[in-house]
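Okay, structure first, notes after.
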Amino acid sequence: CIKVSIESTGIIGIWNSELPEIYPIPTRGLLMIKGLEKGTAIQVADVLGKVVIRTVSVSETTELNMGHLAAGSYMLTLSKDNGDRMTVKVIKE
């Protein structure tokens, strides 16, 4: 596998495996993340960098409830134990 940094798509980071599916963006409440390895750390931060959601995937598909968050832009960060890390901009309507 080759490490890549993808910035033109709004994804920034180094990820050695197939990129997970993250949808819908923008979201009104529920954000789906498919294709994760069990144990992947999931973090959502607001524009000031304050972490508003922190969890760990327990299966290949994770559903994040963002319904309680104010409308705006957030950064979703996925991190694996092997050092792989990616950040995606998520918009909450």
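The values are calculated or read from the model by the stated rules, or taken from the named source; none is laboratory data. Quantities reported herein were computed from a predicted structural model and do not represent experimental measurements. FYI the Cβ positions are ideal-geometry reconstructions off the backbone, even for glycines, and counts take in every protein chain you see.
Return yes or no: is Glu63 among the acidic types (Asp, Glu), part of a strand (DSSP E or B) and surrounded by fewer than 16 Cβ atoms within 10 Å (Cβ to Cβ)? Steps first, please.
Values: among the acidic types (Asp, Glu): yes; part of a strand (DSSP E or B): yes; surrounded by fewer than 16 Cβ atoms within 10 Å (Cβ to Cβ): yes.
Spelling it out, Glu63 is indeed among the acidic types (Asp, Glu), part of a strand (DSSP E or B) and surrounded by fewer than 16 Cβ atoms within 10 Å (Cβ to Cβ).
From Asn82, Asn16, grab the single residue that is at pLDDT below 95, in contact with a Cys (Cβ under 8 Å, 6 or more places away or on another chain) and assigned to a loop (DSSP other than H, G, I, E, B). Step through it out loud before you land on a result.
Values: Asn82 fails: in contact with a Cys (Cβ under 8 Å, 6 or more places away or on another chain).
Only one candidate passes the filter, namely Asn16.
Which of the residues that make up region 66-93 are among the small types (Gly, Ala, Ser), loosely packed, with under 11 Cβ neighbours inside 10 Å and over 18 Å from Pro26 (Cα atoms)?
Gly83
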